[in-house]
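See below for the structure under consideration.
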Amino acid sequence: MYENFLPDRLAELRAQKGISARDMSLSLGQANNYINAIENRKSLPSMQSFFYICEFLNITPQEFFDAGNSNPELMKEFVDEAKKLDCESFSHILAIMKELNRHK
């Protein structure tokens, strides 16, 4: 199970950014098949490369491994904006979220 998490999560997060494995590999300064090899379980990144991957995805390593957070980049933006709200506005947004989740 755990050996599949990193490749699957990487593929998920890369797809959210709408970038090809080849383009991501080249943007990281790697061979054009680097990300593809990770996603196809042929290799794993070094720790340093993993940090570069997270930086490229604009997320922290903690957010990368948070499987319950399906879109960490949007979540970070959402939280940043929520922090700017006054208490009353924040309460209204929270009530809307609870209502939306109740109807799932």
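The values are calculated or read from the model by the stated rules, or taken from the named source; none is laboratory data. Please read all numbers here as calculations on a predicted model, not as lab measurements. Neighbour counts are summed over all protein chains in view; Cβ atoms, including those assigned to glycine, are modelled from backbone coordinates with ideal geometry. Side chains included, ligands, DNA and RNA excluded: accessible areas come from the protein's heavy atoms. Shrake-Rupley method; radii C 1.70, N 1.55, O 1.52, S 1.80 Å.
Relative to one another, the C-alpha centroids of the range 1-51 and the range 52-97 are positioned 22 Å apart. Close amide H partners of L28, meaning residues 5 or more places away or on another chain with modelled amide H under 5 Å apart, do not exist here. Please compute the Cα-Cα pair-distance distribution of the chain with 5 Å bins starting at 0, giving whole percents from short to long. Over the chain, the share of Cα pairs per 5 Å bin runs 2, 11, 19, 21, 14, 10, 8, 8, 6, 2, 0 percent. Largest GNM mean-square fluctuation across L74, L85, L26, computed for the chain with C-alpha springs under 10 Å, falls on L85. Within the straight-line cut-off of under 20 Å between alpha carbons, the lysines reachable from K83 are K98, sequence neighbours fewer than 8 places apart in one chain being disregarded.
Return one whole number: the accessible area per residue of the chain in Å², for a 1.4 Å probe. List each step's numbers first, then the result.
Working: 7340 Å² over 104 residues.
Per-residue accessible area for the chain comes out at 71 Å².
The apolar share of the surface of the chain, taken as the fraction of accessible area on carbon and sulfur atoms (1.4 Å probe, ligands and nucleic acids excluded), comes to 56 percent. Annotation: aspartates and glutamates with alpha-carbon distance below 12 angstrom to K76 (same-chain offsets under eight excluded): E63.
Relative contact order for the range 3-104: 20 percent, from Cα pairs under 8 Å spaced at least 6 residues apart, divided by residue count. Among E77, E39, E12, which one shows the biggest mean-square fluctuation in a GNM of the chain, springs joining Cα atoms closer than 10 Å? Residue with maximal mean-square fluctuation among E77, E39, E12: E77. The calculated 222 nm mean residue ellipticity attributable to helices in the chain amounts to -20500 deg cm²/dmol, summing -39500 (n - 2.57) over DSSP H runs of n ≥ 4 and dividing by all residues. Applying both filters, DSSP loop and at most 12 other Cβ atoms within 10 Å, to the trypsin sites (Lys or Arg not before Pro) of the range 1-53 gives R41, K42.
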